[in-house]
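These notes are about the structure you will find just below.
The values are calculated or read from the model by the stated rules, or taken from the named source; none is laboratory data. The shown structure was predicted, so the numbers you read here are calculated from the model rather than taken from an experiment. Because the Cβ atoms are built from the backbone with ideal geometry, glycine has one as well, and the counts that use them run over all protein chains shown. These area figures cover heavy atoms from the full protein model, side chains too; ligands, DNA and RNA do not enter into them. Shrake-Rupley method; radii C 1.70, N 1.55, O 1.52, S 1.80 Å.
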Amino acid sequence: MFADPRLRVINVFTALIFMTNFESNRTTLLVLAAGFGSRYGGLKQMDGIGPNNETLLEYSLFDAIRAGFSKIVFVIRDAFASDFKAYFESRLPDHIELHYVYQEMDIPTHIKSKVAYTKRRKPWGTAHAVMMAEEYINEPFLCINADDLYGIRSFKTMGDFLKNEVSSSQFGMVGYELQNTLSDHGDVSRGVCTIQDGYLQHVDEHKGIATNDQNQIVAKEQNTVLAPSTTVSMNFFALHPIIMQYIKDDFDVFLKENNYDSSQEFYIPSVIANTIKTGKAKLKVIQTKDHWYGVTYKDDKESVSAHLTKMTQKDNLYPSPLWNTQT
């Protein structure tokens, strides 16, 4: 007896639906890990800082995997690629899909002939880093910095957002309170957010932010006092792959506007801001009271290490060693 061909069509259709849903529910993590850490004095993404000498990036990866992320794309430099791959591939679970791309001085081929960048000594910035990963970004993705620790709740929030809310016309971001993102050992730069009805209107870059003798948070370059609860962006974005086209378009404009100045940098918040301004997409801001941890300066390492030890040994947020119980 031959099977009804109509059932075969239905089964194929059902399988296609399943495959489509699987891909649409997949959560991909894009890690910007190509920096050399000039103020820190070394490769932050490879520096041991946890109770068992784990790197700060390992904790973000652990949080992301716990939140359901199953594909990780690293943007790195060729100079440390071998050590980087050997280190993380020996720790991450086997079921995680890994890809690597390299951020050097490459620029889109359609404008390469117009640009002379022989004096360029470092890559073009975070937006350029994201653009380099286009080959492996086929689904909505979360973009993070390799040297920042964002918190497990933030990863879960963004994982849910990627599955349920992100689209070609809506991106997402976790907004942190400024007071939870400062360094005790020097000033920092932060993107101060203007938000309306839960959506980002624009971001203003404030530099030289630190706490003064009156316990006020001051942006020195702008000579502005900022409220502790001010929402800031920490480059923790849930994005749709369509952003790649916007980045390439904006990079072309960026190069021309800056007269191909090799000292200028092309940042992902700038692309997102332009996307909002031109009405191509809106960006939902999800507020958090979680602390952000990072090592902007070498002296930050001791305090962040103490926090990680507390979160591991007292708060039981992480196992020790980190990867022994990872599933």
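In contact with a Gly (Cβ under 6 Å, 6 or more places away or on another chain) and open to solvent by less than 30 Å² (accessible area, probe 1.4 Å): is that true of D290 in this structure?
When the stated conditions are applied, D290 passes them.
Here is a yes/no grid of residues against (1) at pLDDT 95 or above; (2) charged (D, E, K, R); (3) open to solvent by 20 Å² or more (accessible area, probe 1.4 Å):
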position: F161; (1), (2), (3): yes, no, no
position: S167; (1), (2), (3): yes, no, yes
position: E205; (1), (2), (3): no, yes, yes
position: A227; (1), (2), (3): yes, no, yes
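Restricting to the range 93-140, give me the number of residues that are open to solvent by 20 Å² or more (accessible area, probe 1.4 Å), among the aliphatic types (A, V, I, L, M) and modelled with pLDDT of 95 or more.
1
Residues of the range 169-195 being of a type in the set (K, R) and either over 26 Å from I217 (Cβ atoms) or surrounded by fewer than 16 Cβ atoms within 10 Å (Cβ to Cβ) (or both), which ones? Steps first, answer last, please.
Residues of the range 169-195 that are of a type in the set (K, R), as a first pass: 190.
Within the range 169-195, no residue meets the criteria.
Kindly provide the set of residues from the range 310-327 that are open to solvent by 40 Å² or more (accessible area, probe 1.4 Å) and polar (S, T, N, Q), ordered by number.
Q313, N316, S320, N324, T325, T327
Can you tell me how many residues in the range 40-90 are assigned to a helix (DSSP H, G or I), of a type outside the set (K, R) and buried (at least 16 other Cβ atoms within 10 Å of the Cβ)? Give the derivation first.
Kept after step one, since they are assigned to a helix (DSSP H, G or I), are these residues of the range 40-90: 44-46, 56-66, 78-89.
Going one step further and asking which of them are of a type outside the set (K, R), we end up with 45-46, 56-65, 78-84, 86-89.
Checking which are buried (at least 16 other Cβ atoms within 10 Å of the Cβ) leaves us with 45-46, 56-65, 80, 84, 87-88.
Counting residues in the range 40-90 that are assigned to a helix (DSSP H, G or I), of a type outside the set (K, R) and buried (at least 16 other Cβ atoms within 10 Å of the Cβ) gives 16.
Starting from the range 197-218, keep only residues that are aromatic (F, W, Y), then list their pairs with residues that are at pLDDT 95 or above and open to solvent by 80 Å² or more (accessible area, probe 1.4 Å) whose Cβ atoms are within a distance under 9 Å, requiring at least 6 positions of separation or different chains.
Taking only residues 6 or more apart or on different chains, the pairs are Y199/K282.
Taking the stated definitions as given, is K71 closer than 28 Å to K122 by Cβ and in contact with an Asp or Glu (Cβ under 6 Å, 6 or more places away or on another chain)?
yes
The conditions are (1) among the β-branched types (V, I, T); (2) under 23 Å from V31 (Cα atoms); (3) in a helix (DSSP H, G or I), and V253 fails exactly one of them. Which is it?
(2)
Among the residues of the range 207-218, which ones are surrounded by 13 or more Cβ atoms within 10 Å (Cβ to Cβ) and either part of a loop (DSSP other than H, G, I, E, B) or on the phi > 0 side of the Ramachandran plot (or both)? So that I can check it myself, show each step before the final result.
Initially, the range 207-218 is screened for residues surrounded by 13 or more Cβ atoms within 10 Å (Cβ to Cβ), giving 208-211, 217-218.
Hit for the range 207-218 is G208, nothing else.
Could you list, in sequence order, all residues of the range 269-285 that are open to solvent by less than 40 Å² (accessible area, probe 1.4 Å) and part of a loop (DSSP other than H, G, I, E, B)?
Matches in the range 269-285: A281 only.
Among the residues of the range 286-327, which ones are in contact with a Ser or Thr (Cβ under 7 Å, 6 or more places away or on another chain) and in a strand (DSSP E or B)?
Of everything in the range 286-327, those that are in contact with a Ser or Thr (Cβ under 7 Å, 6 or more places away or on another chain) and in a strand (DSSP E or B) turn out to be I286, Q287, T288.
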